[in-house]
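Just so it is clear, none of the values below were taken in a lab; they were calculated from the coordinates. In this text, all values refer to a predicted model and were calculated from it rather than measured experimentally. Note: ideal-geometry Cβ built from the backbone for every residue, glycine included; neighbour counts use all protein chains shown.
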Amino acid sequence: MNIVLIRPPRFLDKDAINITNTPALGLAFIAGALKQAGHNVSVIDAIGESPKEFNPISFELNVKANLPANRIFTNGLSAAGIADRIPNSVDVIGISAMFSNNWLFDRYLIDFLGERFQQAVIVAGGESITAMAEMAIDQTIHLDACILGEGEETIVELISAIEKKERFDQVNGLAFRDPETGKAVFTSRRTRMKNMEEIAMPAWEYFPMDNYEKYDIKWGVTKQRSIPIMATRGCPYSCTFCSSPQMWGTRYYMRDPESVVNEMEYMKAKYGATNFDFYDLTAIIKKTWIIAFTNEIIKRKLDITWQLPVGTRSEVIDSEVTHNLYLSGCRHIVYAPESGSPKMLKLIKKKVKISNMLQSMRSSHEEKMFVYINMIMAMPDETHADVWRTIWFLIQCSWVGVNDISPSVFQPYPGSALFDRLVKEKKIDLSTDDFFFELIFIDSFGKNKYYNDLISTGWYNFYELFSVVVFFGTNYLFRPLRFFKTLRNLITRNYENRAERSLVEYLNQKSEKLSFKSKRLEPQV
């Protein structure tokens with residue numbers, strides 16, 4: 001069958017600070033599975049194909065919210081640009097719907113393509129769709145099926161059912177539109193894939209990888225040619241702010257360390273990749289595994305670097321592990337403490353001990369790795385005292401050597417325990433599009449929606465800015481040389497942390513948008 005997989009453009013506010021994109025690893029896995037099954041596959045990566053294209057949304061998206069004119073853009077190919085790349089012979093269109101803040105445009109794109117390619121079956125998958133499949137089908141006309149959770153086996157079985165004109169109700173791990181009622185029907189939950197060695201490698205040959213290199217599009221700061229990779233799947237923890245338990249369950253599976261290094265070696269030979277970004281939910285849990293993995297890299301003398309750009313935990317990352325991490329090429333590591341308040345950590349079921357995490361961060365710093373931390377502010381039940389404990393924790397992080405920080409504002413993820421709680425408390429109303437509209441501003445300072453009744457918006461705006469000032473102020477106070485390095489890096493654009501890269505990219509983005517507006521181009525869809 002002729003299958004086209006689509007990564008939609010990003011839906012964002014014009015003042016968004018975090019505008020970095022990365023190659024779509026999940027979609028590459030799906031493409032690999034379909035290729036292995038013998039199907040004719042192509043991929044339209046709307047962001048990778050046109051990373052510098054910004055189209056203002058000034059048309060009717062059929063949104064039940066007040067979209068401000070000339071404030072919301074798509075980054076990447078327009079809907080029409082995507083459609084023009086789809087052959088008329090297409091049988092199935094698969095759309096990646098990973099993030100809820102993109103749903104208003106993803107929903108529009110589904111029906112836009114459904115109208116134009118009425119013979120095609122429209123399928124969507126990803127974390128966002130998994131969490132809200134019934135609503136997604138209710139809110140669209142042309143969405144035929146939703147892949148729930150881990151998708152490689154499900155998509156292959158679904159394509160087989162389409163090919164044989166069989167009913168979808170025999171395909172596990174699916175929500176599909178009942179042809180008679182138009183309502184969502186759920187099949188049995190699919191059993192997780194236990195043998196990760198049976199999963200086809202990501203099919204990066206279908207993606208515009210040269211564009212990612214040409215435009216330096218990556219999440220980390222390395223200047224080397226980078227490719228995303230995944231060594232584990234799932235997470236054994238159940239943090240209340242996270243949608244992972246619904247997407248993956250809490251079963252945690254690790255690939256064989258040798259297999260992961262084989263993939264790295266293959267990607268280096270085929271694509272010239274010399275850096276690998278690991279996008280695992282929780283990459284390091286078992287000490288014997290990470291020691292075996294790093295030893296395998298060291299033994300082969302691969303001459304590569306690798307990063308952990310998503311938040312990991314600290315349970316087994318001691319001085320022995322950090323030493324091996326560095327020797328094997330790990331240069332950037334991100335921890336995810338989320339809060340410096342023991343009370344908040346307990347409430348969100350984040351089972352970490354602050355003292356242990358600080359010691360682990362110190363060990364990583366002493367091994368000369370770049371250390372970055374993720375923090376979440378404005379979670380429900382947080383008090384002023386909790387925020388000040390977090391700010392004190394940031395000072396401690398600065399003291400032990402942490403280099404960079406991302407103080408994000410809490411946003412409820414559909415599928416998470418906190419999201420369900422806020423819906424039950426009527427703080428999220430899904431009868432309108434306000435919730436999804438507010439998510440667009442997740443990366444725009446001062447425009448975030450707060451779900452905490454104990455601290456005012458004004459105070460949170462202050463805390464968000466103050467925490468950054470305190471962290472970097474103490475960072476430069478404790479290590480003055482870092483300040484001069486930052487100035488040098490901004491001038492030479494040889495960035496050492498995400499803050500430097502994000503600042504320059506944000507300023508460039510603003511400049512490009514001003515230039516775009518000055519040309520007075522007609523809006524595109």
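The relative contact order of the range 68-180, computed from alpha carbon pairs under 8 Å that lie at least 6 residues apart in sequence, is 21 percent.
Against the chain, whose longest principal axis is taken from its Cα atoms, helix 457-478 shows a tilt of about 50°. For the chain, Cys146, Cys235, Cys330, Cys397 have no disulfide-compatible partner, since no other Cys C-beta lies under 4.7 Å from theirs. Among residues other than Ile442 with Cβ under 11 Å from its Cβ, the summed charge is -1 (Lys and Arg +1, Asp and Glu -1).
Database remark: amide H of Val409 closer than 5 angstrom to the amide H of Met377 (H placed geometrically; neighbours at sequence offset of 5 or more, or on other chains; Pro and chain starts carry no H).
Computed over the range 235-297, the convex hull of the alpha-carbon atoms projects to a mean area of 5.1 nm².
Per DSSP H run of at least 4 residues, take -39500 (n - 2.57); add these up for the chain, divide by its residues and hand me the 222 nm value, nearest 500 deg cm²/dmol.
Working: 20 runs with 213 residues, N = 525.
Computed mean residue ellipticity for the chain: -12000 deg cm²/dmol.
Rounded to the nearest Hz, the phi-derived 3J(HN,Hα) couplings of the range 345-352 under the Karplus curve 6.51 cos²θ - 1.76 cosθ + 1.60 (θ = phi - 60°) are 4, 5, 5, 8, 6, 8, 7, 10, where x marks glycine and proline.
Across all directions, the average flat footprint of the convex hull enclosing the Cα atoms of the range 2-186 is 10.2 nm². When DSSP beta bridges are restricted to pairs lying wholly in the chain, around 25% turn out antiparallel.
Projected onto planes of every orientation and averaged, the convex hull of the alpha-carbon atoms in the range 307-409 covers 5.7 nm².
Sequence-ordered 3J(HN,Hα) estimates for the range 37-42 from the Karplus curve with 6.51, -1.76 and 1.60 and θ = phi - 60° stand at 7, x, 8, 7, 10, 9 Hz, glycine and proline given as x. Taken about its Cα centre, the chain carries a charge dipole of about 1440 debye when Lys and Arg each add +1 at the Cβ and Asp and Glu each add -1 at the Cβ. Taking every C-alpha pair closer than 8 Å and separated by at least 6 residues, the mean separation divided by the residue count of the chain gives a relative contact order of 16 percent. Compared with the dominant principal axis of the Cα atoms in the chain, helix 103-116 is inclined by about 30°.
Charging the Cβ of each Asp and Glu at -1 and of each Lys and Arg at +1, and nothing else, the dipole of the range 2-186 about its Cα centre rounds to 400 debye.
Each of Leu477, Thr240, Ile72 was scored by the projection of its Cα onto the charge dipole of the chain, and the greatest displacement toward the positive side belongs to Leu477; charges sit on the C-beta of Lys, Arg, Asp and Glu. Angle of helix 498-518 to the longest C-alpha principal axis of the chain, folded into 0 to 90 degrees and rounded to 10: 50°. Computed over the chain, the alpha-carbon pair-distance distribution with 10 angstrom bins reads 4, 18, 29, 29, 16, 4, 0, each value a whole percent.
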